[in-house]
Amino acid sequence: MKRFTRRAVGSALAAICAMGLWSGAARAQAVEIEYWQYTFPQRVQAMDELIKRFEAANPGIKVKQVTVPYDDFRVKIAAAVPAGQGPDVVQLFYGWLQDYLKAKMLQPLPAEMFNAADIEKEFFPSVKQMKVGGQYYALPTSVRSLALFWNKKLVKEAGLDPEKPPQTLDELVAAAERATKRDASGNLLQAGITIDMLGQDHHWIREVLIRQMGGKPYSPDNRKVTYNDAAGIKAVAWYTDLVARHKVGEAGFMTDGVTAFRSNRAAFTIDGSFRLAALDNQKGLDYAVAELPAQDGKRFNFTSYWVNGITPKATGAKREAAAKFLKFITSPEAQELWLEKVGELPAAVAVANKPAIAGHAKYGPFVRGLANAEATFFVNESAQRKVFTDMVDAVLIKKQPVAEAVATAAAEEQKLIDGFFGN
Amino acid sequence: MVPARLSLSARRALWAWAFLAVPIVFYVTIRLYPAVDAFVMSFTNWNIVGTRAFNGLDNYLRLFGDPRFWTVLRNTFVYLGAGLVVSMGLAFAVAYHLDKVRFGHGFLRALYFVPHITTAVAMAWVWRWFYQPVPVGLFNDLLVAVGLPQQPFLRSTGQALFAILAPAVWAGIGFQIVIFLAGLKAIPAHYYEAAALDGAGPWRVLFEITLPLLRPTVVFLTVTSSIAYLRIFDYVYAMTLGTGGPLDSTKPIVLMIFETAFKNFEMGYAAAQTVVLFLILLAISLLQLRLMDRRP
C-alpha cells in the first residue's frame with residue numbers, strides 16, 4: 001500500500017515535470033509580447049491590423065494589444081512596469097520620455113537594429129529628442145503639426161477670396177477683423193479667430209509666435225526659459241491684442257475653439273492634423289487648411305508625436321521579438337496605414353513627401369509645416385500649459401501689463417524646469 | 001463548530017460578530033489602511049514609482065510656504081461659508097413654506113429633490129453652457145434681452161467661484177429640504193396649539209418653537225453640508241475643464257490634491273495636503289457639534 005502510494009506520487013510528479021518541460025518548449029516556440037496604448041478607436045483598429053500583418057510575417061511571435069483609457073494610462077503603466085508586469089512595447093507621448101527614463105521604464109532600442117545615423121536620415125528632425133546619451137529609446141509611427149484652418153463660407157461672406165488664405169500674421173488679423181460680427185451692443189456673434197488656450201494656442205505662442213518675433217522659448221539645452229525678452233513680450237502682446245485691441249475673438253466664445261469653428265461661428269482657428277477626421281465628418285462645414293501664417297518671411301511650427309519604446313520587462317527572446325515588432329510598427333508600411341486609418345502624418349520624411357500625401361489639399365500644409373517644426377521639451381506638459389493659460393488670463397482678465405505677465409510666467413516655468421532637473 | 005456549552009446570548013453575539021467581520025475587514029483594508037498610509041506618505045518624497053524617501057516635515061513646510069495653497073484654502077472656505085449660509089437659508093425657507101402647503105406637496109417636494117439625484121457632472125456641464133457668452137449662453141441671452149450688459153461669469157476671477165457654487169447649492173438643497181421637512185413634521189402639534197391659544201404671532205412661533213426644536217436637524221445638516229462644501233470638486237472640475245481657473249480663482253483644495261497627485265505625481269506632497277484637509281474637516285466638525293449640540 002505504502003509503496004503503491006509512493007509510486008503513484010512519483011509518476012504524478014514525473015508527469016507534472018514533463019508537462020512543465022513541454023509547455024516550456026512550446027513557449028520557446030511562440031514568444032508572446034504585450035503592446036499597450038491608450039483607448040482610441042481608430043488607433044486600436046489600426047494597431048489590430050498592424051499586428052495581423054506582423055504575425056503573418058513572423059509566425060513565432062504573438063502580440064497581445066492592451067488598451068487603457070487615456071486618463072489612467074500613465075498611472076497604470078507606472079504601476080505595472082516597475083513590478084515586472086504590463087507591456088513589452090509601450091506607446092508614450094514624446095514629452096513623457098524624461099519621466100519614463102527617470103523611472104527606469106524604458107530600455108534603449110537594440111543598436112544593431114536601430115542605427116542612430118539611419119534613424120536621423122529617415123525621420124523628421126524632431127525625433128532627435130528620443131536620443132539620450134547617444135542611444136535611441138523610442139520611435140514614432142506618426143507625427144502631428146499645426147496649421148491654419150479657415151471656414152470658406154464665412155470668409156466668402158466677409159468679402160474675401162475663400163481660396164486664398166492669409167499668408168502673414170498681419171493678413172490674418174485683417175481677414176479676422178472683416179469676418180468678425182457683433183450685435184448692436186458689441187456682443188460677439190461670430191469670431192474672426194478662435195481664442196482657446198486649452199486648445200493649441202499655447203503651442204502656437206510658445207514655438208511659433210515667440211520665434212517669429214525673433215526670440216527663442218528655451219535655451220538649447222532646454223534648461224533655461226528664454227522668452228522673457230522683447231520678442232516674448234511682442235508675441236504675447238500680439239496674441240492678446242486679438243482680443244483686447246482688434247476684438248476679433250474671445251476666450252470661451254461658444255464654449256471652446258473647436259465648437260466655435262465646427263458650428264460655423266468662427267472664421268479661422270489654429271489646430272492640429274489630428275482634427276481633420278472630426279471636421280471632415282462635420283455636416284454643413286466647408287473648410288480648408290493652410291500653413292501657419294508667416295511673419296517677416298519666417299515660418300515655424302509645433303510638432304508633437306507619440307512614440308513606441310521597449311520596457312525592461314522584455315529580455316532574451318522577448319526583447320528580440322519586441323524590437324522586431326517596434327521596427328515594423330515604425331516602418332513606412334505602418335506609417336501609411338496609420339495615416340489612412342488614424343489621419344496622422346507619417347514620421348519618415350520620405351513617406352510624408354510622397355506626392356499623394358505632400359500634395360494632398362489637407363495633409364499638405366501640415367507636412368510642409370513639419371520642415372520647420374519644433375517639439376517642445378516638456379518637463380510637465382499640463383503644468384507648463386497652465387503657466388501660459390494664466391499668463392494670457394492675467395493680461396485679458398486682470399489687465400496686467402504684458403511685460404509683467406510674461407515675467408511671471410517665465411519665472412513660474414523656470415521653477416518647474418529647475419524642479420525637474422534638480423530632482 | 002460552535003461549542004455547545006456557549007449560552008444563547010454568547011452565540012448570538014458570535015453570529016453578530018461573524019456578520020460584522022465582513023464590513024470590518026473591508027473597512028480596514030479599503031479605508032483605514034490607505035488613510036493611515038497617507039499619513040505616513042505625507043512625510044516622504046514619492047513619485048508613485050521608485051522608493052519612498054522620508055523627508056520629515058519638508059512637504060508641510062513647502063505647503064505652508066506655497067502662496068497657491070493659501071489661495072486654494074481661501075477659495076475652499078468661501079465655498080464653505082457662502083455655500084452653507086445660502087443653502088441652509090434657502091432650504092429652510094422652502095421647507096418652512098412647503099410644510100404649510102397641502103396641494104401639490106408631494107410633487108413640489110419631488111421637484112426640489114430631483115437636482116440632488118442628478119449626476120453632478122451632467123448638471124455642471126449644463127450650467128457651464130448657461131454661463132456662456134451670447135449667442136449660446138442662457139443667462140447672458142436673458143441679460144442682453146432685457147438690455148443689460150453681458151457678464152463674464154466663468155471667465156471672471158470675481159464671479160467664477162460663485163457661478164460654480166450656484167449649481168452645487170441648487171443640487172444640495174433638495175436633500176436639505178427633505179431633512180428639514182422631516183424635522184418640522186417631528187415637532188409635536190400641541191406646541192403650536194398652545195402657542196396659538198396664547199396668541200403668539202408667526203415670528204414668535206418661528207423663533208421660540210420651530211427653530212429651537214429643529215436644532216438636531218440643523219446640527220446634522222450643518223455638519224454634513226460643511227463636509228460636502230469643503231470637499232467640493234466635481235462641479236469645479238467639470239465647469240473649469242479641470243483647471244480651477246481662471247487664474248486659480250475657483251480651485252478648491254481637493255482639486256489641488258488631485259493635480260499634485262495625479263498630474264505631477266508628487267504623492268508625498270499630495271498626501272500632506274490631504275492630511276491638512278482632514279485636520280480642517282475634523283476641527284470644523286468637532287467645533288460645530290460642540291457649538292450647536294449643547295443641550296439647553
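The values are calculated or read from the model by the stated rules, or taken from the named source; none is laboratory data. Computed from a predicted structure; not experimentally measured. A quick note on method: Cβ atoms are made from the backbone with ideal geometry, for glycine too, and the neighbour counts reach across all protein chains shown.
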Matching residues in the range B:129-166 - criterion: being facing chain A (nearest Cβ under 9 Å), free of Cβ contacts under 8 Å to residues at least 12 places away in the same chain and more than 30 Å from B:Arg231 (Cα to Cα): B:Pro135, B:Val136, B:Val144, B:Gly147, B:Pro149
Considering residues of the range B:198-225 that are surrounded by fewer than 20 Cβ atoms within 10 Å (Cβ to Cβ) and closer than 19 Å to B:Leu277 by Cβ only, the residue farthest from the other protein chains (Cβ to nearest Cβ): B:Thr222
Which listed residue is buried (at least 24 other Cβ atoms within 10 Å of the Cβ), modelled with pLDDT of 95 or more and more than 24 Å from A:Lys362 (Cβ to Cβ), from A:Ile193, A:Ile210: A:Ile210
In the range A:101-115, residue modelled with the lowest pLDDT [restricted to those that are surrounded by fewer than 16 Cβ atoms within 10 Å (Cβ to Cβ) and part of a loop (DSSP other than H, G, I, E, B)]: A:Lys104
Residue within the range B:181-197 that is within 14 Å of chain A (Cβ to nearest Cβ) and modelled with pLDDT of 90 or more present: no
Subset of the range A:352-374 [among the hydrophobic types (A, V, I, L, M, F, W, C) and surrounded by fewer than 23 Cβ atoms within 10 Å (Cβ to Cβ)]: A:Ala356, A:Ile357, A:Ala358, A:Ala361, A:Ala371
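Taking the range A:397-409 as the region of interest, how many residues are assigned to a helix (DSSP H, G or I) and farther than 14 Å from A:His202 by Cβ? Write out each step before concluding.
Step one: of the range A:397-409, the residues assigned to a helix (DSSP H, G or I) are A:402-409.
Retained after the next criterion (residues that are farther than 14 Å from A:His202 by Cβ): A:402-404, A:407-408.
The number of residues fulfilling the criteria is 5.
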Qualifying positions in the range A:73-100 - assigned to a helix (DSSP H, G or I), away from every other protein chain (no Cβ under 12 Å) and either among the hydrophobic types (A, V, I, L, M, F, W, C) or under 15 Å from B:Phe265 (Cβ atoms) (or both): A:Gly95, A:Leu97, A:Gln98
Residue in the range A:374-386 that is over 30 Å from B:Thr157 (Cα atoms) and in contact with a His (Cβ under 9 Å, 6 or more places away or on another chain) present: no
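Yes or no, residue by residue, for (1) assigned to a helix (DSSP H, G or I); (2) buried (at least 18 other Cβ atoms within 10 Å of the Cβ); (3) more than 14 Å from chain B (Cβ to nearest Cβ); (4) out of contact with any strand residue (DSSP E or B) (no Cβ under 6 Å at 6 or more places or on another chain):
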position: A:Tyr305; (1), (2), (3), (4): no, yes, yes, no
position: A:Ala321; (1), (2), (3), (4): yes, yes, yes, no
position: A:Lys327; (1), (2), (3), (4): yes, no, yes, yes
position: A:Trp338; (1), (2), (3), (4): yes, yes, yes, no
position: A:Phe378; (1), (2), (3), (4): no, yes, no, yes
position: A:Asp390; (1), (2), (3), (4): yes, yes, no, yes
Test: residue in the range A:214-223 that is closer than 29 Å to A:Gln42 by Cβ, under 19 Å from the mean Cα position of the chain (by Cα) and either touching a residue at least 60 places away in the same chain (Cβ under 8 Å) or away from chain B (no Cβ under 14 Å) (or both): no
Residue check, A:Asn228 more than 14 Å from chain B (Cβ to nearest Cβ) and crowded, with 22+ Cβ neighbours inside 10 Å: no
Number of positions in the range B:260-296 that are over 19 Å from B:Ser225 (Cα atoms), modelled with pLDDT under 85 and part of a helix (DSSP H, G or I): 1
Test result for A:Leu198, buried (at least 17 other Cβ atoms within 10 Å of the Cβ) and at pLDDT below 95: yes
